[in-house]
Amino acid sequence: MTYQPMSSMWMPPSEALAWRFIDFALVYFMWAVMMAAMMLPSAIPMILAFARVCRQQNKAAHKLAYLFALAYLSIWLLFSIVLTLLQWQMHGLAWLSPMMDNQNSISAAGILFSAGFYQFMPIKNACLTHCKTPMGFLLNEWQDGPVGAFNMGLKHGATCLGCCWTQMLIMFVVGVMNLLGMALMTLLVILEKTMPLESKLICKTVGVAFFAWGTFLLID
């Protein structure tokens, strides 16, 4: 961005009908990379626990762990399609600028209120509890072999999606390409899963913070 003139930079079209296949592809690739960078670090404790159990059973730990991680990541790659379509619509509604920054405080507050409300829902607490107890998941859901490893990775990925999907939407609030926002959301996800506190308390605390943030945007 420092050396290229603005006219030579690719930016998503501002009108939904102007999007071509290449625009969808580039936005999807951007989200896919972001989801991998943001969510894989939070899955490391589960992947390491899975590999450790494989080694204890004298199985090919590395191969099975790679399959587990690939399946986990595939859930977030599928979710990236949803994020791409949401961004397409947000550009069409003029909620996002050509530089992919939020330019509508009401939509930004709405996302934050939705994320805050989700933090108080039982499904959020259940999914976070699952993510905070890797050994419990492995004991209850263990399946042998490569197919079993892939199936377990899919199940963990789906539960992780249920835990964190609204937090990924907050990237539409802070700016889709905001690296600091990405780092802070990644840190939040990791802290939620690793802090030695009750899941329900963590969920409610983060939910209140999202409500406060959304309110600040409305009155600012």
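Points to keep in mind about this one:
- Approximate spin-label separation residue 180-residue 33, in nm, with each point projected 7 Å along Cα-to-Cβ: 2.1
- Residue order by solvent-accessible surface for 66, 118, 28 is 66, 28, 118, largest first, with ligands and nucleic acids left out and a 1.4 Å probe.
- Ligands, DNA and RNA are left out, and with a 1.4 angstrom probe the accessible area of the chain is 52 Å² per residue.
- Set of lysines with alpha-carbon distance to residue 204 below 30 Å, sequence-local pairs under 8 removed: 124, 132, 155, 193
- Averaging the sequence gap over all C-alpha pairs within less than 8 Å and six or more residues apart, then dividing by the number of residues, gives the chain a relative contact order of 29 percent.
- Relative protection proxy for 199-208, 34-43, 56-65, from highest mean packing down: 34-43, 199-208, 56-65 (other beta-carbon atoms within 10 angstrom).
- Heavy-atom accessible surface of the stretch 46-129: percent carbon and sulfur, 1.4 Å: 71
- Residue (of 96, 27, 150) at the positive-pole extreme of the chain, dipole from beta-carbon charges: 150
- To put it simply, the accessible area of the stretch 148-216 at a 1.4 Å probe is 79 percent carbon and sulfur.
- Helical segments meeting 24 Å axial Cα length and Kyte-Doolittle 0.5 threshold in the chain (DSSP H): 21-56, 61-92, 145-169, 199-219
- Database remark: amide H of residue 96 closer than 5 angstrom to the amide H of 91, 103 (H placed geometrically; neighbours at sequence offset of 5 or more, or on other chains; Pro and chain starts carry no H).
- Think of each Lys and Arg Cβ as +1 and each Asp and Glu Cβ as -1; about the Cα centre, that makes the dipole of the chain roughly 720 debye.
- Extension gain for the segment residue 63 to residue 191, taken as residue separation times 0.36 nm less the Cα-Cα distance, is 43.2 nm to one decimal.
The values are calculated or read from the model by the stated rules, or taken from the named source; none is laboratory data. Here the structure is a predicted model, which means the values were calculated and not measured. Backbone-built Cβ (ideal geometry, glycine too); neighbour counts: all protein chains shown. These area figures cover heavy atoms from the full protein model, side chains too; ligands, DNA and RNA do not enter into them. Shrake-Rupley method; radii C 1.70, N 1.55, O 1.52, S 1.80 Å.
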